[in-house]
Amino acid sequence: MSETHSSESENPIEVVAPPEILIDSIRKVGTLAASNIQPYKDASISIESMDPELLSPIALYILEGGLEKQQKLIEFFLKNGIDPFRLDSMIKYTFEGETYFMVPPIVEVHQEEDGGTYSIIIDGLHRLTIAREMGRKCNVVIIEGASIPPHALPVRWEDVNLCENVPEFSKKKRWRDLSKVKLPEGMSVDRDDIDPRYLLYRDFSSLGSNGIRK
């Protein structure tokens, strides 16, 4: 079921998890605080083409270096016959001598306290930023019905600042007030091993993530 694309013998791109297996893997994603708490276990999950303008970022900043790397990756994928904005699987690729994994950006649909329903970009902000700048739609994983909300509140695209360096903690996101969240059994804010503001952070390491976003 795997497929390899390469213009040359180096830098192969291989599909390692087609859509149905990718969705099953997403259902098993835990949180950084508790791997046994799986927010997406019973959620509705689909892969859809979306206009980035209709999505809400979860961060107040984006790094210049991250955009530059993502632009290089997009050029690399296109050169090898892959449109990164139409990705519907997990792929494994070798880039500049290192091996990585990539999935479509992940978006959660949530209703917030203001009564609005937002499609929140949980992962993949750099790629969606470039798609937005190019006027391109992008395939995303849409998740509805997660059992716990994201760790931060949605913001507008206009609120996102382009930064050379990571901003101070208070300026990174609009952190969610955990006192207003009904935490599942086994999840507590009274821990020494993790900042409470990251308590709801999804653990995407099984999908190739390197952990908490810088």
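Between E98, E20, E75, which gets the highest mean-square fluctuation from a Gaussian network model of the chain, Cα cutoff 10 Å? Most flexible of the set in this elastic network: E98. Annotation for K171 and T94: the two label points, set 7 Å from Cα along the Cα-Cβ direction, are 4.1 nm apart. Which aspartates and glutamates have a Cα less than 17 Å from the Cα of K41, not counting those fewer than 8 places away in the same chain? In chain and number order, the partners are E20, D24, E108, E144, E185, D203.
Just want the ordering: C138, C163, from fewest to most Cβ atoms lying within 10 Å of their own Cβ.
On the way: C138 25, C163 16.
Fewest-to-most ranking of C138, C163: C163, C138.
Once the mean 1/r over all distinct Cα pairs of the chain is inverted, what Kirkwood radius in angstroms do you read off? For the chain, inverting the mean 1/r across all distinct Cα pairs yields 18.0 Å. Placing +1 on each Lys and Arg Cβ and -1 on each Asp and Glu Cβ, with no other charges, gives the chain a dipole about its Cα centre of roughly 280 debye.
Multiplying the residue separation of K182 and S206 by 0.36 nm and subtracting their alpha-carbon distance yields 6.0 nm.
Note on E48 and E113: the model spin-label points, each 7 Å out from Cα along the C-beta direction, lie 2.7 nm apart. For the chain, set up a Gaussian network in which alpha carbons nearer than 10 Å are linked by springs, and say which option among Q111, Q70, Q38 fluctuates the most. Among Q111, Q70, Q38, the largest GNM mean-square fluctuation belongs to Q111. Relative contact order of the chain, taken over Cα pairs closer than 8 Å and 6 or more residues apart, is 29 percent.
Taking 12 Å as the straight-line reach from the Cα of K72, the aspartates and glutamates in range (excluding those fewer than 8 positions away in the same chain) are E96. Think of it as helices only: each DSSP H run of n ≥ 4 in the chain is worth -39500 (n - 2.57), and spread over all residues that comes to -5000 deg cm²/dmol at 222 nm.
Where both bridge residues fall in region 4-197, DSSP classifies roughly 75% of the beta bridges as antiparallel.
Here is the P(r) of region 117-170: all C-alpha pair distances, binned every 5 Å from 0, give 4, 12, 24, 27, 17, 12, 4, 0 in whole percents.
Screening the chain for whole DSSP H helices of 18 Å or more along their axis (Cα) with average Kyte-Doolittle hydropathy at least -0.5 returns none.
Laboratory data are not the source of any read-out in this text; all were calculated from the coordinates shown. Quick caveat: nothing in here was measured; it's all calculated off a predicted structure. Cβ coordinates were reconstructed from backbone atoms using ideal geometry, including for glycine residues, and neighbour counts include every protein chain displayed.
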